[in-house]
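The values are calculated or read from the model by the stated rules, or taken from the named source; none is laboratory data. Being a predicted model, the structure only gives us computed values, none of them experimental. In this analysis, Cβ positions are derived from the backbone assuming ideal geometry, glycine residues included, and neighbour counts consider all displayed protein chains.
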Amino acid sequence: MGIGEQILKEAPDLGTGNEEWEENRRAFWRMHSELLAQGYEGKWVAVYQGKVVDVDEDFGALVKRVRERFGYVPVYIQKVQPDGMPVYKIRRL
């Protein structure tokens with residue numbers, strides 16, 4: 001079991017009240033090992049509708065592009081790291 005599956009299994013429901021955001025979070029962890037294998041380590045990944053929609057080394061640039069492309073929607077953004085941290089919760093961009 002990869003770290004992504006382990007964290008997903010152990011992660012508590014944070015009670016966001018937003019099922020779409022939670023599904024994007026779960027999708028990130030399902031893809032975590034694959035993202036590492038594809039060379040995304042150290043990069044910020046934006047997940048929307050269960051898919052990676054953008055990647056960047058610059059968090060601010062990523063947020064700006066995702067907002068311009070999708071508007072204010074529940075997107076899960078996290079830096080891809082072997083230990084899975086840090087987590088930044090942004091309900092709507």
Take the residues in the range 22-38 that are within 12 Å of Val80 (Cα to Cα) and surrounded by 15 or more Cβ atoms within 10 Å (Cβ to Cβ), then tell me which one is nearest to the chain's Cα centre (by Cα).
-> Phe28
Quick one: count up the residues across the range 6-33 that are closer than 25 Å to Val73 by Cα and either modelled with pLDDT of 95 or more or assigned to a helix (DSSP H, G or I) (or both).
-> 16
Restricting the first residue to the range 48-75 and requiring it to be without any contact (Cβ under 8 Å) to a residue 24 or more places away in the chain, which pairs with a second residue that is surrounded by 14 or more Cβ atoms within 10 Å (Cβ to Cβ) and among the small types (Gly, Ala, Ser) meet a Cβ separation below 6 Å and a spacing of at least six or different chains?
-> Val53/Ala46; Asp54/Ala46; Leu62/Ala46
Cβ pairs under 6 Å, 6+ apart or interchain, first in the range 10-35 and within 10 Å of Gly50 (Cα to Cα), second modelled with pLDDT of 95 or more and surrounded by fewer than 21 Cβ atoms within 10 Å (Cβ to Cβ), ordered by first then second residue, are Ala27/Gly50
Would you mention how many residues in the range 51-80 are in contact with an Asp or Glu (Cβ under 6 Å, 6 or more places away or on another chain) and surrounded by fewer than 20 Cβ atoms within 10 Å (Cβ to Cβ)?
-> 1
